[in-house]
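Structure record follows, encoded as structure tokens.
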Amino acid sequence: MPLMKVLVTGGAGFIGSHLVERLLEQGHEVVCLDNFNDFYEPRIKRRNVQTAFTNPGYTLIDGDILERELLERVFLEGRFETVVHLAAYAGVRPSIESPELYQKVNIEGTINLLEQCRAHGVGRFVFASSSSVYGGRSQVPFRETDDVMRPISPYAATKVAGEALCFTYHHLFGIHTHALRFFTVYGPRQRPEMAIHLFARRILDGEPILLFGDGTAARDYTFVGDIVEGVARSVQTVEGYEVINLGGSRSTTLARLVELLEARLHRKAIIERGPDQAGDVPVTFAEIDKARRLLGYESRTDMEKGIDLFCSWLEKERGRASFPGDPSFRASKPPVPTG
């Protein structure tokens with residue numbers, strides 16, 4: 001396995017921090033670029049990077065993919081073989097409220113990185129796309145050859161645009177690219193506003209959870225460890241231009257998800273009902289034959305096991321004296337200055 005120097009954008013986030021640790025375990029040198037924005041509590045992301053700091057191959061840069069002068073310095077000094085681009089504003093519903101922000105970060109930020117790859121001869125690019133690109137389709141499973149030109153949220157539209165930009169830079173400049181379509185990732189360190197994390201906290205606190213629709217909406221929930229293994233394999237094998245689904249290749253309804261959380265937490269959920277939400281899709285379900293063929297990828301963690309692992313992590317976190325909601329929490333080591 002050839003060892004590389006890898007730039008991971010958004011590397012302090014939920015998926016990114018797990019990926020950074022996996023790449024370091026494999027022996028790669030990793031530079032993490034993250035702006036620690038307040039989309040959710042920045043101290044959570046500061047905690048995410050603590051383990052990586054113990055590895056001499058790790059560097060953290062506190063900076064933004066919209067800062068072109070910063071990116072120029074980072075790429076000039078970094079001499080990267082591969083870029084893994086995870087940084088983005090996520091979430092369907094927030095994108096409907098702030099479409100301009102999503103356009104700027106998710107599209108302009110991606111162009112900035114691709115331009116730096118072109119300028120500095122970085123020939124390998126792994127792009128985090130999303131199952132949201134498939135729009136409101138209900139025919140399953142979702143295949144990489146399906147039409148994705150009818151996204152139903154600004155967030156989804158930015159991911160379609162990101163994939164198109166990646167292809168353009170591959171076509172014009174030969175940058176080898178994998179666009180990986182993630183399907184509803186969950187697990188330890190999951191963002192606090194995401195359904196599994198939010199529901200679990202509310203069930204533990206005896207607070208009601210708001211379920212939109214009748215509970216039949218279904219998602220292909222995919223455990224973060226499986227996703228990270230797929231991304232790490234992509235880092236090793238990226239060649240040409242490929243769009244690849246990374247999912248669990250199974251769907252779980254919202255009602256069943258609540259049942260699994262109730263069983264694991266030994267508490268009954270207090271449920272309030274709301275109407276279907278604009279931008280939400282009825283079902284997601286990944287066909288992963290291409291990921292198996294190109295990456296040797298498998299989704300090995302079923303929902304029962306994944307929910308147990310997530311809840312164990314959450315219970316441990318809630319028992320910490322410096323839970324990220326505690327204002328006394330601080331990162332133990334500052335990031336590398338960028339000025």
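None of the figures in this text is laboratory data; all of them are computed from the coordinates on show. Just so you know, these numbers come straight off a predicted model, no measurement behind them. No Cβ is skipped: glycine too gets one built from the backbone with ideal geometry, and neighbour counts run over all protein chains shown.
Using the Karplus equation 6.51 cos²θ - 1.76 cosθ + 1.60 (θ = phi - 60°), what ³J(HN,Hα) coupling, rounded to whole Hz, does each residue of segment 57-71 give in order, writing x for Gly and Pro?
In residue order, the calculated couplings are x, 10, 10, 10, 10, 8, x, 10, 5, 8, 8, 5, 5, 4, 4 Hz.
For LYS305 and GLU69, what does the FRET efficiency come to when R0 = 45 Å and r is the distance between their Cβ atoms, rounded to the nearest 0.05?
0.50
To the nearest whole percent, what portion of all C-alpha pairs in segment 9-138 is separated by more than 21 angstrom?
42 percent
Can you bin segment 198-261 into rounded, prolate or oblate? Criterion: square roots of the alpha carbon gyration tensor eigenvalues sorted a ≥ b ≥ c, rounded for a/c under 1.5, prolate for a/b above b/c, oblate for the rest.
Prolate.
Report, in deg cm²/dmol and to the nearest 500, the calculated mean residue ellipticity at 222 nm for the chain, where each DSSP H run with n ≥ 4 adds -39500 (n - 2.57) and the sum is divided by the residue count.
-11500 deg cm²/dmol
THR168 to ARG79: FRET efficiency via 1/(1 + (r/R0)^6), r the Cβ-Cβ distance, R0 25 Å, to the nearest 0.05?
Working from the Cβ atoms, E equals 0.55.
Quick one: which residues, 5+ away or cross-chain, put their amide H under 5 Å from the amide H of PHE142? H built at 1.01 Å from N.
Hits under the 5 Å cutoff: PHE285, ALA286, GLU287.
Quick one: which residues, 5 or more positions from VAL84 or on another chain, have an amide H under 5 Å from its amide H? H modelled 1.01 Å from N in the peptide plane, none for Pro or chain starts.
LEU7, VAL8, THR9, VAL126
So if I place +1 on the C-beta of Lys and Arg and -1 on the C-beta of Asp and Glu, and nothing else carries charge, what would the dipole magnitude of segment 21-147 be about its Cα centre? I want it in debye, nearest 20.
With only Lys, Arg, Asp and Glu charged at Cβ, the dipole is about 260 debye.
Step through the residues of segment 266-282 one at a time and calculate ³J(HN,Hα) from phi using the Karplus curve (6.51 cos²θ - 1.76 cosθ + 1.60, θ = phi - 60°), rounding each to whole Hz and writing x for Gly and Pro.
Result, rounded to whole Hz: 6, 9, 8, 7, 8, 10, 10, 9, x, x, 4, 9, 4, x, 6, 9, x.
Non-local amide H neighbours of VAL243 (under 5 Å, H modeled in plane, Pro and chain starts lacking H): which ones?
ALA179
Find how much the distance from GLU41 to GLU317 grows on full extension, using 0.36 nm per residue of separation minus their present alpha carbon separation; answer in nm with one decimal.
Here the segment from GLU41 to GLU317 would lengthen by 97.9 nm.
Can you give me the distance in nm between label points at GLU97 and GLU207, each placed 7 Å from the Cα along the Cα-to-Cβ direction?
1.5 nm
Show me 35-48, 204-217, 89-102 ranked by packing, highest mean number of other Cβ atoms within 10 Å first.
So the peptides 35-48, 204-217, 89-102, ranked by packing, come out 35-48, 89-102, 204-217.
Once a ≥ b ≥ c are taken as the square roots of the eigenvalues of the Cα gyration tensor of segment 1-76, is the result rounded (a/c under 1.5), prolate (a/b larger than b/c) or oblate (a/b not larger than b/c)?
Cα axes put segment 1-76 in the oblate bin.
Which entries in the list LYS5/LYS305; LYS268/LYS316; LYS159/LYS316; LYS45/LYS104; LYS5/LYS45; LYS5/LYS104 go over 24 Å, if you measure between the two C-alpha atoms of each?
LYS5/LYS305; LYS159/LYS316; LYS5/LYS104
If one computes P(r) from the Cα atoms of segment 68-190, what percent of pairs lie at distances over 21 Å?
That tail contains 42 percent of the Cα-Cα pairs.
Under the rule a/c < 1.5 gives rounded, and otherwise a/b versus b/c splits prolate from oblate, where does segment 73-143 land using the Cα gyration tensor?
Verdict is oblate for segment 73-143.
What number, in percent, do you get for the relative contact order of segment 131-271 if the mean sequence gap of Cα pairs under 8 Å and at least 6 apart is divided by its residue count?
Contact order relative to length: 30 percent.
Provide the per-residue ³J(HN,Hα) series for segment 234-244, in order, calculated from phi with Karplus coefficients 6.51, -1.76, 1.60 and θ = phi - 60°, each as a whole number of Hz, with x at glycine and proline positions.
Result, rounded to whole Hz: 5, 3, 7, 10, 4, 7, x, 10, 9, 9, 9.
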